[in-house]
Amino acid sequence: MLAAPDAFQFEATAQETNAAGALKSDYEALLENLDEAFLVFDTQLNVVSGNTLAQAFAGRAQSELHGASVFDCMPQPLASILADRLQRVLRARKPERFEAGAFDGRQIEARVFPCSGGAAVLFNNVTEAFHL
């Protein structure tokens, strides 16, 4: 017995929906289990998403971070340095790494890399290693 084409389409769509839901859950779990602050920026340098460590790093709640400009969520001079690196990564589509001082005396290592729809940043506190 042959099934109607719509039944196959519905089944594939349900499978795709389940797979997308599982992928989203895995992505969220990965972000929250990172030992580093993680932010995703769009091409206009506005925050698209970030993990809990990024919220703590920026000193802002998720609701305040989402949609905020890099200049609104990071202190100077880190915001200007990061904006420059984000723009370079967006143009070249190649990852970059840099170190900079943060507003509170910490030394930060940042890895900026391209992703779909923008660029992402991993921040790592390297203050102890910096002072050795």
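The residue of region 97-110 that is modelled with the lowest pLDDT, among those that are in a strand (DSSP E or B) and surrounded by fewer than 16 Cβ atoms within 10 Å (Cβ to Cβ), is G101.
Given (1) among the basic types (K, R); (2) modelled with pLDDT of 90 or more; (3) outside the structural domain of R111 (by TED's automatic domain parsing), identify the lone condition not met by K24. K24 satisfies all of (1) among the basic types (K, R); (2) modelled with pLDDT of 90 or more; (3) outside the structural domain of R111 (by TED's automatic domain parsing) except (2). For first residues located in region 72-100 and in contact (Cβ under 8 Å) with a residue 40 or more places away in the chain, partners that are loosely packed, with under 14 Cβ neighbours inside 10 Å and lie 6+ apart or on another chain with Cβ distances below 7 Å form the pairs L90/T43. Here the condition is being in a helix (DSSP H, G or I), closer than 18 Å to T127 by Cα and within 16 Å of the chain's Cα centre (by Cα); of F57, F71, it holds for F57 alone.
The values are calculated or read from the model by the stated rules, or taken from the named source; none is laboratory data. The structure displayed is predicted, hence computed values, not measured ones. As a convention, Cβ positions derive from the backbone with ideal geometry for all residues, glycine included, and neighbour counts pool all protein chains shown.
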